[in-house]
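Structure record follows, encoded as structure tokens.
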């Protein structure tokens with residue numbers, strides 16, 4: 001039996017991915033990974049318009065492999081590349097962001113879940129963390145809130161000294177003297193203090209037997 005060779009129209013050539021049905025994306029296809037989101041949208045738009053990798057490459061001047069790498073999140077598309085693709089597919093450039101979900105952070109801590117800073121859970125410690133893991137926000141800032149209750153018995157266990165970043169104190173109950181460098185601030189319930197933590201600071205003494213306050217440390221984390 002003799003077979004005759006057949007020529008394939010290069011424009012109609014499709015990749016293996018084009019011939020393989022893709023599973024529907026989970027959660028609406030949204031992702032916090034920008035490269036994955038762009039690749040997913042590009043592949044969907046190209047298929048909807050009946051374009052192959054080759055035909056799209058010819059219209060944009062990009063290579064087949066480059067387009068494939070963008071679709072598989074193996075390469076980051078520049079603004080110029082996205083503009084070429086949007087013009088060839090006749091869609092707004094923002095269409096490539098349809099699956100991108102910006103990351104917003106929340107953390108809900110119940111009163112029963114407040115964490116002790118010491119691993120042994122010593123009752124004499126005055127500070128309870130109000131977050132499971134402060135971590136770093138998308139802005140490169142770490143926020144560490146704590147609830148502090150000071151008395152004569154545990155005052156010496158309250159860490160003082162020099163840190164970095166910014167500090168914030170809001171008095172809830174009682175009163176105390178808070179030293180900052182050579183200054184001393186008398187804080188009572190309802191008072192607040194914001195300060196640069198690079199200066200030596202700490203509690204100078206209690207004035208009403210007990211002091212309960214919200215303490216927040218905010219600092220930038222350099223990569």
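The modelled label-to-label distance between residue 218 and residue 164, using points 7 Å beyond Cα along the C-beta direction, is 1.8 nm.
For residue 97 and residue 131, what is the calculated FRET efficiency with R₀ set at 30 Å and r taken between the beta-carbons, to the nearest 0.05?
0.45
Overall shape: prolate for region 124-220, with the ratio a/c of the largest to smallest alpha carbon gyration tensor axis at 1.5 or above and a/b above b/c. Dividing the mean sequence gap of close Cα pairs (under 8 Å, 6+ apart) by how many residues region 124-220 holds gives a relative contact order of 37 percent.
One decimal place: the segment residue 173-residue 90 gains 23.5 nm when fully extended, by the rule 0.36 nm per residue minus the C-alpha distance.
None of the figures in this text is laboratory data; all of them are computed from the coordinates on show. On a predicted model such as this, the values are computed, not experimentally measured, just so you know. Every residue, glycine as well, gets a Cβ built from its backbone with ideal geometry; the counts of neighbours run over all protein chains shown.
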